[in-house]
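Let me begin by presenting the structure, written as structure tokens, before commenting on it.
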Amino acid sequence: MKVDNAQLAAFAEAIREGSFELAARKLNVTPSAISQRIKLLEDRMGQILIQRSAPCQATVAGRPLLRYAEELALLESEVLSALGVCDASATAVVRIPMVINADSLDSWFVEVFDGLASSAAITLDLRVEDQDHSVTLLREGSVMAGVSASAHPIQGCRIEPLGVMRYLALASPSYFQRHFAAGVNAESLHAAPMLMFNKKDGLQQAFLTRLTDAVMKPPTHYVPTTRSFGEAVLRGMTWGMIPEQLAEAHLKAGQVIELAPQHWVDVPLFWHRWRIGSSALASLTELVHKAARKALRQQQTMDR
């Protein structure tokens, strides 16, 4: 059985763009044409491939096909670029969808942008997800590479260690004086308002467990952007776990202090990428490792 290229393109573009309407604009056809092509592909495969939701998502049956479509698009763009046979109106650009956690994106990963600045050969399609949950997108096949805290290889992917991201428990001096004047202990931590990035964020609880061995449920704020997260701590609203790269200047300026200087949370990070012979993906991998070596701590032990 052969997969029809037009049907495959409609399927992949609907997922990339999130809707039939946007996919139609990208492919210069009507939304009804996108719908018809996807329906024909599903009839041919005998399975539902797309969840008609907002945004559109691949079903379990559709994920292997999505990965195939992404691999095909990547290799095709590289071949056409190498042969110099791209359409005159098109630019020889390789699109790489990848996932990364917000803290990495807003700290050490920006060095990767420097490496890409002088070249228009690669475009990044970045998705932001918690470092403990980014592997889900890799398993689904919707991204080709990603930064994750998972040390377990994903089928069809290579895994390479990047280093350790250290998180410090920080608060403003005024907040510390209000809530921890009598000491940082189970009682004061249980009562002091805590900050989390979102419901998936387990760093603060990991710190509390390591420090006190007690189960606590302090009042909790949720702030889902790295910059606003840091501002909430700086302005004395709460305490939270912040990467040392982002905290260094504020610590030196005395704008924040550590709750427990001898306690922190280290998060090993790993680079997952598809096992595919792509020069663009190899170039991106090299840039990621270079940036990680400059900013992250070295891991003492590795579970390969």
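Taken together, the values in this text are just the output of simple stated rules run on the coordinates, not laboratory data. This one's a predicted model, so the numbers in the text were calculated from it and none came from an experiment. Neighbour counts are summed over all protein chains in view; Cβ atoms, including those assigned to glycine, are modelled from backbone coordinates with ideal geometry.
Here are the numbers for this structure:
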item: Sequence ranges 61-72, 93-104, 150-161, ranked by mean other-Cβ count within 10 angstrom, highest first; result: 93-104, 61-72, 150-161
item: FRET efficiency, VAL164 to GLN255 (Cβ-Cβ, R0 22 Å, nearest 0.05); result: 0.35
item: Estimated FRET transfer efficiency when R0 is 45 angstrom, pair GLN262-VAL3 (beta carbons, to 0.05); result: 0.20
item: Length released on extending from GLU244 to ARG227, taking residue separation times 0.36 nm less the Cα-Cα span; result: 4.7 nm
item: 5 angstrom amide H check on GLY163, placed H, neighbours 5+ away; result: LEU269
item: Packing-based order for 261-271, 46-56, using average beta carbon neighbours within 10 Å, highest first; result: 261-271, 46-56
item: 34 Å tail of the calculated P(r), the chain, as % of Cα pairs; result: 34 percent
item: Counting DSSP beta bridges with both ends in the range 93-304, the antiparallel % (nearest 5); result: 60 percent
item: Value at 222 nm in deg cm²/dmol, rounded to 500, when DSSP H runs of n ≥ 4 in the chain each add -39,500 (n - 2.57); result: -13000 deg cm²/dmol
item: Length-normalised contact order of the range 1-70 in % [C-alpha pairs under 8 Å, at least 6 apart]; result: 33 percent
item: Estimated distance in nm for a label pair at GLN299 and ASP125, the labels positioned 7 Å out from Cα along Cα-to-Cβ; result: 2.8 nm
item: Residue-span extension gain [THR209 to ALA149] - 0.36 nm each, minus C-alpha spacing; result: 19.7 nm
item: Principal-axis tilt of helix 62-83 within the chain, Cα atoms, nearest 10 degrees; result: 70 degrees
item: Counted charge near LEU168, where neighbours are those whose Cβ lies closer than 10 Å (Asp, Glu -1; Lys, Arg +1); result: -2
item: Cα-Cα over 32 Å, subset of LYS200/LYS294; LYS252/LYS290; LYS26/LYS290; LYS2/LYS26; result: LYS26/LYS290
